[in-house]
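The values are calculated or read from the model by the stated rules, or taken from the named source; none is laboratory data. What you see is a predicted model, and the numbers here were worked out from it, not measured in a lab. No Cβ is skipped: glycine too gets one built from the backbone with ideal geometry, and neighbour counts run over all protein chains shown. Only protein heavy atoms, including side chains, enter the accessible area calculation; ligands, DNA and RNA are left aside. Shrake-Rupley method; radii C 1.70, N 1.55, O 1.52, S 1.80 Å.
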Amino acid sequence: MLRNIIKHQSKFIKRTTSINSNTVFGSANRGFSSSNNRQQQQQQANSNNNYKWNGTKIAGITLLATAAGLLGGISLEEEQTKTDIPVEESTTAPTNKKESEMTEEELRRAKDVEYGIESFKYVIIGGGAAAYHAIDKILENDKNNPTILIISKEYNVPYQRPPLSKNLWASGDNVVEDLEYSDWSGKKQNIFFEPESVYGNEVLNFVRTLKVIDLHVDERLVLLEDGKLIRYEKCLIATGGEPRRLNFSAKNDPNVTTYRTVEDFKNLYNFVGEGNKHITVLGGGFLGSELTCAISQNLGEKKNVKITQVFPESGVLSNVFPDYLSEHATEEIKRSGVQVLNKKLVKDVEKAESGKLVVKTDDGNQWETDHVVVAVGIVPNTNVANSTTLEIDPKNGGYVVNAELQARSNVYVAGDVASYYDFSLNTRRRVEHIDHARATGETAGKNMTGKSEPYTYQPFFWSDLTPGVGFEAVGNTDSKLKTFSVWEKPTDEQKPYNKGVIYYLNDNNVVVGVLCYGNYNKMAAARSLILKKKPVKDLNELQHAISLKEEHH
Ligand SMILES: Cc1cc2nc3c(=O)[nH]c(=O)nc-3n(C[C@H](O)[C@H](O)[C@H](O)COP(=O)(O)OP(=O)(O)OC[C@H]3O[C@@H](n4cnc5c(N)ncnc54)[C@H](O)[C@@H]3O)c2cc1C
Ligand SMILES: NC(=O)c1ccc[n+]([C@@H]2O[C@H](COP(=O)([O-])OP(=O)(O)OC[C@H]3O[C@@H](n4cnc5c(N)ncnc54)[C@H](O)[C@@H]3O)[C@@H](O)[C@H]2O)c1
Ligand SMILES: NC(=O)c1ccc[n+]([C@@H]2O[C@H](COP(=O)([O-])OP(=O)(O)OC[C@H]3O[C@@H](n4cnc5c(N)ncnc54)[C@H](O)[C@@H]3O)[C@@H](O)[C@H]2O)c1
């Protein structure tokens, strides 16, 4: 065993190109989260958000919350140097025994001390939505002094991505600093799940801007890009996906970007906010369409910003919407002042002598623009395990998991990067939406604490484009399936599609997906219908399957 550790250790370290001496790990003081952005904390403390973990008492440890970390006016960094945080038991030499007398676990600990390997009960790779919700359930279910380490390659502690392409653009001028927005009901929200001050203590540790580059399942070790090894009891892979990039001549220009993080929001908002800009958005999927609409509606007239949206399909959201609805939504976007170029593939983006960018399409057309946002889908981040083979779904991508969301013993996967078996649809799939990230995160988190619950939830998703184009959906809503639509009779001919339900049926005429357009709070009914798995003999049976009446919960 000991030889194994050394072998793996040297194998891991050899692969690491540069070992950062300025490591964030200290054996006497964990101090991972150096919370040096006091302004941000202050703003978070002042916001109206009802953060869930603030003041949470976990096995006698009160998380450092706003009262201590913020109002007292000291940063976590200062706080941590003052507090002598106890050393994790597994990092101290356990015994004076000779090697030959040690148990495997004692040998492991002794080697961990020698190599400076820190141990955590729970190691979470990735700091997105799935990670946050897993931790939430770990804290709820493990009252036995859990130690949790979150490793994120982003700078920021976990936050919500949906507002980045919607509500944040409608916020006031201070949005880049306070990251606050109003939700659809007018309630003020902040994108962060919890303020930064709840991270960086005996329970919760956060490593920022560092990537996990390897995972060894037998040894329960993860390797960080700075060469540090971490031992886990349970590990969660919640690495989401990376925006796809296109190989343009000007692909490295700072004004040719993808869009996924809060930093991307800040950069684009600052750029667009200067006014008098032309932006080109590539992609007619969720992101390209939402971002186009959000910028155009909120800064189009106000800041004289012109937008061109380009994509190869005939209309927006054509992966989900039947053709007629995709066409209608595209017309709505055009009506709001966006230049939409459908059925066009961008061949190249070049840098012009003027300093502007030139976008060239396959039909020989070209135009100058100030910024190009590439929104052409994501690639799941399945590059964390090299020393161990984890099965990757050849069809859908992502790590294959069992019903309990385990990829291997003690290794769980949640969110965009998980390929799971969907019990309601009788098929394996991967879902790139937040409700699924939340629910898989929760199930994985619970199971990591010793439960063994199958993931049988039916996640929903939603999108909001223009004021007249918004929906919620559940199940398989692939527009290639047969669809049956039921619409409320329009009162205005100009607005034919106000409120409706679209049913998606498989080859056996079973409803496998439901999209409720402008028709909210119907997801429970939609889930029940899908679960019935009953072939529809006459499509008219579906006329009243899901109501078009307002329902409030
Ligand atoms: C702008 C935008 C708007 C969206 N709007 C909606 C919406 O309205 N409705 C909806 O349902 N869904 C929406 N989504 C999708 C939703 O946000 C995702 O499905 C969700 O964020 C997935 O969560 P996740 O935790 O699996 O992955 P992510 O949120 O992507 O988090 C993964 C994290 O892991 C980090 N990471 C990756 N690899 C490593 C590594 N090797 N080491 C360390 N860290 C790593 C990443 O940097 C990232 O921080 C939107 C997405 C975007 C980008
Ligand atoms: N009843 C209505 O008239 C109406 C109108 C618009 C939107 N909605 C619904 O409200 C929800 C969110 O709308 P919004 O974009 O205005 O955001 P919101 O501001 O209401 O939601 C707040 C935040 O909660 C998050 N969120 C919402 N549902 C979630 C879930 N199931 N899991 C994890 N996070 C979730 C989102 O990230 C959002 O940023 C969607 O379900 C949407 O369809 C209802
Ligand atoms: N409301 C939501 O649920 C929501 C909102 C925003 C983002 N997201 C998620 O964020 C991720 C990124 O979104 P996305 O829209 O990039 O992915 P997507 O998969 O929804 O759409 C990809 C789009 O890329 C376009 N495309 C592909 N190749 C192209 C090319 N060469 N030139 C121009 N366009 C091309 C197509 O129009 C296609 O529709 C996805 O996981 C998505 O689910 C979800």
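Residues that are closer than 30 Å to residue 504 by Cα, at least 3 per element: which helices (runs of 4 or more DSSP H) completely within region 262-374 meet that?
Details: elements: 262-273, 286-299, 323-335.
Counting at least 3 such residues, we get 286-299, 323-335.
Yes/no matrix, rows are residues, columns are (1) open to solvent by less than 20 Å² (accessible area, probe 1.4 Å); (2) within 16 Å of ligand 1 (Cβ to nearest atom); (3) out of contact with any Asp or Glu (no Cβ under 8 Å at 6 or more places or on another chain); (4) over 28 Å from residue 181 (Cα atoms):
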| residue | (1), (2), (3), (4) |
| --- | --- |
| 265 | yes, yes, yes, no |
| 270 | no, no, yes, no |
| 284 | yes, yes, no, no |
| 288 | yes, yes, yes, no |
| 305 | yes, no, yes, no |
| 313 | no, no, yes, yes |
| 323 | no, no, yes, yes |
| 331 | no, no, yes, no |
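Taken together, 437, 414, 407, 385 contain a single residue that is within 14 Å of ligand 3 (Cβ to nearest atom), of a type outside the set (Val, Ile, Thr) and surrounded by 20 or more Cβ atoms within 10 Å (Cβ to Cβ), which is 437.
From the list 437, 385, which one is within 8 Å of ligand 1 (Cβ to nearest atom) and either part of a strand (DSSP E or B) or closer than 16 Å to residue 125 by Cα (or both)? Before you say what the answer is, go through the steps one by one.
Values: 385 fails: within 8 Å of ligand 1 (Cβ to nearest atom).
The unique qualifying residue is 437.
In the set (1) away from ligand 2 (no atom under 16 Å from the Cβ); (2) surrounded by fewer than 22 Cβ atoms within 10 Å (Cβ to Cβ); (3) not in a loop (DSSP other than H, G, I, E, B), the condition left unmet by residue 451 is number (3).
Would you confirm, using the coordinates I've provided, whether residue 427 is open to solvent by 40 Å² or more (accessible area, probe 1.4 Å) and more than 10 Å from ligand 2 (Cβ to nearest atom)?
Values: open to solvent by 40 Å² or more (accessible area, probe 1.4 Å): yes; more than 10 Å from ligand 2 (Cβ to nearest atom): yes.
When the stated conditions are applied, residue 427 passes them.
When residue 189 is tested against the conditions (1) assigned to a loop (DSSP other than H, G, I, E, B); (2) more than 17 Å from the chain's Cα centre (by Cα); (3) within 16 Å of ligand 2 (Cβ to nearest atom); (4) not basic (Lys, Arg), the lone failure is (1). Tally the residues that are under 24 Å from the mean Cα position of the chain (by Cα), away from ligand 2 (no atom under 16 Å from the Cβ) and in a loop (DSSP other than H, G, I, E, B), restricting the search to region 227-250. Residues that pass the stated criteria total 4.
Which of the residues that make up region 251-260 are open to solvent by 30 Å² or more (accessible area, probe 1.4 Å) and either assigned to a strand (DSSP E or B) or within 16 Å of ligand 1 (Cβ to nearest atom) (or both)? Spell out how you get there, then give the answer.
Taking region 251-260 as the starting set, the residues that turn out to be open to solvent by 30 Å² or more (accessible area, probe 1.4 Å) are 251-252, 254-255, 257, 260.
Selection gives 257, 260.
Please go through (1) of a type outside the set (A, V, I, L, M, F, W, C); (2) away from ligand 3 (no atom under 16 Å from the Cβ); (3) in contact with an Asp or Glu (Cβ under 9 Å, 6 or more places away or on another chain) for residue 422 and return the number of the only condition it doesn't satisfy. Result: residue 422 passes all but (3).
The residue that is most open to solvent (accessible area, probe 1.4 Å), among those in region 128-147 that are at pLDDT below 95 and polar (S, T, N, Q), is 144. From the set of residues in region 152-186 that are assigned to a helix (DSSP H, G or I) and within 8 Å of ligand 1 (Cβ to nearest atom), which is farthest from residue 267 (Cα to Cα)? Going through the qualifying residues, I end up with 162. Within region 345-377, the set of residues being within 18 Å of residue 272 (Cβ to Cβ) and either surrounded by fewer than 18 Cβ atoms within 10 Å (Cβ to Cβ) or hydroxyl-bearing (Ser, Thr, Tyr) (or both) comprises 355, 356, 367, 368, 369.
Inside region 457-473, residues that are assigned to a loop (DSSP other than H, G, I, E, B) and either touching a residue at least 40 places away in the same chain (Cβ under 8 Å) or more than 30 Å from residue 409 (Cα to Cα) (or both) make up a count of 6. Evaluation of residue 379 against the conditions (1) within 30 Å of residue 452 (Cα to Cα); (2) in a loop (DSSP other than H, G, I, E, B); (3) within 12 Å of ligand 3 (Cβ to nearest atom); (4) of a type outside the set (Ser, Thr, Tyr) shows that the sole unmet condition is (2).
Filtering region 109-151 to residues that are among the acidic types (Asp, Glu) and either assigned to a helix (DSSP H, G or I) or within 16 Å of ligand 2 (Cβ to nearest atom) (or both) leaves 112, 114, 136, 140. Determine if region 196-205 includes at least one residue that is out of contact with any Leu (no Cβ under 8 Å at 6 or more places or on another chain) and either within 16 Å of ligand 2 (Cβ to nearest atom) or over 28 Å from residue 380 (Cα atoms) (or both). Looking for residues that are out of contact with any Leu (no Cβ under 8 Å at 6 or more places or on another chain) and either within 16 Å of ligand 2 (Cβ to nearest atom) or over 28 Å from residue 380 (Cα atoms) (or both), one finds at least one in region 196-205, hence yes.
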